[in-house]
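Have a look at the structure below before the remarks.
The values are calculated or read from the model by the stated rules, or taken from the named source; none is laboratory data. Just so it is clear, the structure is predicted and the values come from calculations on it, not from any experiment. Neighbour counts run over all protein chains shown; Cβ positions are idealised from the backbone, glycine included.
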């Protein structure tokens, strides 16, 4: 479903299209709580999109739904014009593995692995050997994020360092889609700039779709488009 | 797919759980290995010790006691048979050799056994490694484990002694009270090890034992030792070891001697009973051990499932970032299988180690040389524990590999 390289950007199908989507937590009945309601939304490839909103607005829920980790109770989410709800679990898993880079708010690293092994982990899911170029790319990503001692165990890192490792892990496959949940929340301004640079460069260099949920105004100011969520509803959509 | 780094990471993070699993599995394996190795080694050692005793003859009484006293030197007072039996067997063309065995004396805890020089060297198969074979009454050769030197002189005491080399102070005091005054033996040689209880014995000419107990010497002429025993009246003996010319002769002699009212048996007949009793005990212990192993493996399964459940977030993250189910399955299964395998390996070592300790104790108690060897039973036992353990490790792996909602964790 990828557009041909010669197609002009304006005619390229969006990376994501949401139609009448509602995501809710809890079982049906009174305990069910609606977390996200979006009538229609398109998120373009080749652009960075920021998602702003107060805590609890539904930013993380939106990213999880885009990643196929949460299934909407109503509506459909299309990725590359493919309805995610129609994919088998195995195909959804493969799509996420091959096309999507996830940056979690809580990093979710493996403490017992080194920095570079954490970054290389997604590559090990479908191949036995990691070649030199891939290892160099992983080390290069860490270096760009200011992490030089790549053999250290992640369990001994500060939150800021762990966050940067999580960013490198999400980018190691050069994914077509990056879904970043508060990627700079634990970083000092200098490191936040490094992370933002890396994500924006990834859009520019590979034409990827990067969606960043953040409270960081400086990071959001650098995205090509922004979405404003309040109480699970999309209240504003526009360019930064 | 290459989950090796995650397997190693899991092993690092689960170190205390890993220790518990390995210890539990090792305990299950070690007890089984100990049982199998020890029982087989004792069976082989006891059989080996009896090979030099083709047909044992004694006065009517207990078969077991005759074999235990003659072969294993677990000495007890045996009724004496008529010494004429020796002469009768010496003249039988079906008999390759006949050796009288007499006991009743002890020195420093070691039994003093009277027999012929030919039997003392097992018809030449046991060498005299130091000094020479006895050639006259009053001379003795010692077994390889006897703590006496060539040239030592001793006065035997009346009693049976033990096949252990370390008599207690009470034993020695008892010996001193029953010493044969005026009787002195001199050690003239040391025998090579046989691997049996006779290594603990002090061996003297049969005539010495007879003379010490005032029974004569079994010869018409003075100063002669060994066959033929040609006195008008040959002293009684507790046991004879007969070496028949052939199997047929062995069975024929056994039947004839029994018909004559004597006890005649192949030691294997008693060993079969002893081994059967041992086998029954082993079977009962094996059942207990199997139940023990099953319970341990159940505990391991419960532990691995619990730990996996506690770590479901970790596996959910892996699935979320794209790990296929079989990646997580192999990772979790391999960790369990490695721990079970490690437990099996350590259990083997512990089992053999414990068997070795028990073997040394048994050697001290019986005088037998217990040689431990790995056999099919241990491998089967370990293989079963590993196979079941590896299969059990699949349970937490299935739980971990199931699709898990990361956001609900």
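Out of the residues in segment B:228-246 that are over 27 Å from the mean Cα position of the chain (by Cα) and not in a loop (DSSP other than H, G, I, E, B), state the one that is modelled with the highest pLDDT. Going through the qualifying residues, I end up with B:244. Restricting attention to segment A:140-149, does a residue exist that is within 12 Å of another protein chain (Cβ to nearest Cβ), surrounded by fewer than 23 Cβ atoms within 10 Å (Cβ to Cβ) and either more than 22 Å from residue A:223 (Cβ to Cβ) or over 15 Å from the mean Cα position of the chain (by Cα) (or both)? No, the conditions are met nowhere in segment A:140-149. When you look at residue A:135, is it in a helix (DSSP H, G or I), without any contact (Cβ under 8 Å) to a residue 24 or more places away in the chain and within 13 Å of chain B (Cβ to nearest Cβ), yes or no? Yes; evaluated as a whole, the condition is true for this residue. Listed by position, the helices (runs of 4 or more DSSP H) enclosed by segment B:43-133 that each have at least 3 residues that are more than 24 Å from residue B:148 (Cβ to Cβ), modelled with pLDDT under 95 and touching a helix residue (DSSP H, G or I) at 6+ places or on another chain (Cβ under 6 Å) are B:63-70.
Output the residues belonging to segment B:64-81 that are over 19 Å from the mean Cα position of the chain (by Cα) and surrounded by fewer than 17 Cβ atoms within 10 Å (Cβ to Cβ). Matches in segment B:64-81: B:76, B:77, B:79, B:80. Apart from one condition, residue B:51 fits all of (1) more than 14 Å from every other protein chain (Cβ to nearest Cβ); (2) crowded, with 18+ Cβ neighbours inside 10 Å; (3) more than 17 Å from residue B:377 (Cα to Cα); the exception is (2).
Being free of Cβ contacts under 8 Å to residues at least 12 places away in the same chain and either surrounded by fewer than 16 Cβ atoms within 10 Å (Cβ to Cβ) or within 13 Å of chain B (Cβ to nearest Cβ) (or both) is true of residue A:129. Take the residues in segment A:72-105 that are over 22 Å from residue B:402 (Cα atoms) and assigned to a loop (DSSP other than H, G, I, E, B); name whichever of them is farthest from the other protein chains (Cβ to nearest Cβ). Per the stated criteria, the residue is A:81.
Summed over segment B:297-313, residues that are buried (at least 22 other Cβ atoms within 10 Å of the Cβ) and either within 14 Å of chain A (Cβ to nearest Cβ) or not in a helix (DSSP H, G or I) (or both) total 0. Among the residues of segment B:374-383, just one is out of contact with any helix residue (DSSP H, G or I) (no Cβ under 7 Å at 6 or more places or on another chain) and touching a residue at least 24 places away in the same chain (Cβ under 8 Å), namely B:374.
Counting only strands (runs of 3 or more DSSP E) that fall entirely inside segment A:192-240 and contain at least 1 residues that are farther than 21 Å from residue A:173 by Cβ and in contact with a helix residue (DSSP H, G or I) (Cβ under 7 Å, 6 or more places away or on another chain), the qualifying elements are A:225-230.
So is residue B:364 more than 30 Å from residue B:8 (Cα to Cα), at pLDDT below 85, away from chain A (no Cβ under 14 Å) and assigned to a helix (DSSP H, G or I) or not? Against the criterion (more than 30 Å from residue B:8 (Cα to Cα), at pLDDT below 85, away from chain A (no Cβ under 14 Å) and assigned to a helix (DSSP H, G or I)), residue B:364 qualifies.
Any chance segment A:46-61 includes a residue that's crowded, with 20+ Cβ neighbours inside 10 Å, at pLDDT below 90 and within 14 Å of chain B (Cβ to nearest Cβ)? Looking for residues that are crowded, with 20+ Cβ neighbours inside 10 Å, at pLDDT below 90 and within 14 Å of chain B (Cβ to nearest Cβ), one finds none in segment A:46-61, hence no. Scanning segment A:106-126 for residues that are facing chain B (nearest Cβ under 7 Å) and free of Cβ contacts under 8 Å to residues at least 12 places away in the same chain gives A:117, A:124.
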